[in-house]
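The structure under discussion appears below in the form of structure tokens.
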Amino acid sequence: MEPLSENQIRSSFVNCTKGEATRLKIPLDFAELPWEHLDFLGWVDPGAPLRAHLVVPRPEGPVGITLRVPGAARTSAVKSSLCQLCLTGHASSGVTLLTAPLAGPRGRQGNTVGVYVCADLACSLYVRGKRQPKLRAGQHEESLTVEEKVERTLGNLDAFVARVIQG
């Protein structure tokens with residue numbers, strides 16, 4: 001991913017108001033982001049921990065999506081979970097459901113779409129082996145190359161972004 005400026009990030013959001021985009025906090029480690037290893041920028045807002053944000057490069061320019069983080073930890077017998085974007089397996093606390101208001105009028109009416117995603121939004125680092133999930137029983141090994149995993153992640157991410165934009 002090409003590095004983005006704070007201004008580019010704020011102006012990219014499609015499912016929140018300009019005021020909300022102006023008030024969001026950028027990642028605390030913004031100056032040190034490993035842009036060369038990122039397929040998208042994702043972070044939990046340090047000023048509003050129940051909000052997360054994704055900025056996805058697209059041919060027409062970056063697209064930003066604001067997301068809601070669940071307020072309470074889910075209680076479940078599930079011992080492991082799979083991210084729907086990068087298909088990384090985690091202990092159950094490593095994946096969370098994030099919901100995004102749809103862009104446009106339907107989003108203003110309260111309509112949302114959700115995705116189970118790596119709780120730290122570090123999918124790009126997991127598919128490249130730069131970060132490892134907490135080990136869990138039955139961890140599987142894939143035969144795909146890193147490039148194939150990146151392509152799969154980008155395809156899943158594009159599908160989610162399209163659902164938000166098309167509202």
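Some points to look at:
- Residue in region 148-159 that is within 21 Å of Pro27 (Cα to Cα), modelled with pLDDT of 95 or more, under 16 Å from the mean Cα position of the chain (by Cα) and part of a helix (DSSP H, G or I) present: yes
- Per-region count, region 95-119, residues within 14 Å of His53 (Cα to Cα) and free of Cβ contacts under 8 Å to residues at least 24 places away in the same chain: 1
- Within region 143-167, the set of residues being closer than 17 Å to Gly42 by Cβ and of a type outside the set (A, V, I, L, M, F, W, C) comprises Lys149, Arg152, Thr153, Gly155, Asn156, Asp158, Arg163.
- Note on region 117-147: residues that are part of a loop (DSSP other than H, G, I, E, B), out of contact with any His (no Cβ under 8 Å at 6 or more places or on another chain), at negative phi and aliphatic (A, V, I, L, M) total 4.
- Per the conditions (1) free of Cβ contacts under 8 Å to residues at least 24 places away in the same chain; (2) assigned to a loop (DSSP other than H, G, I, E, B); (3) touching a helix residue (DSSP H, G or I) at 6+ places or on another chain (Cβ under 9 Å); (4) not aliphatic (A, V, I, L, M), the sole criterion not satisfied by Asn15 is (1).
The values are calculated or read from the model by the stated rules, or taken from the named source; none is laboratory data. Note that the coordinates shown come from a computational prediction; the quantities given were computed from them, not determined experimentally. Methodologically, a virtual Cβ is constructed for each residue, glycine included, from the backbone with ideal geometry; neighbour enumeration extends over all protein chains shown.
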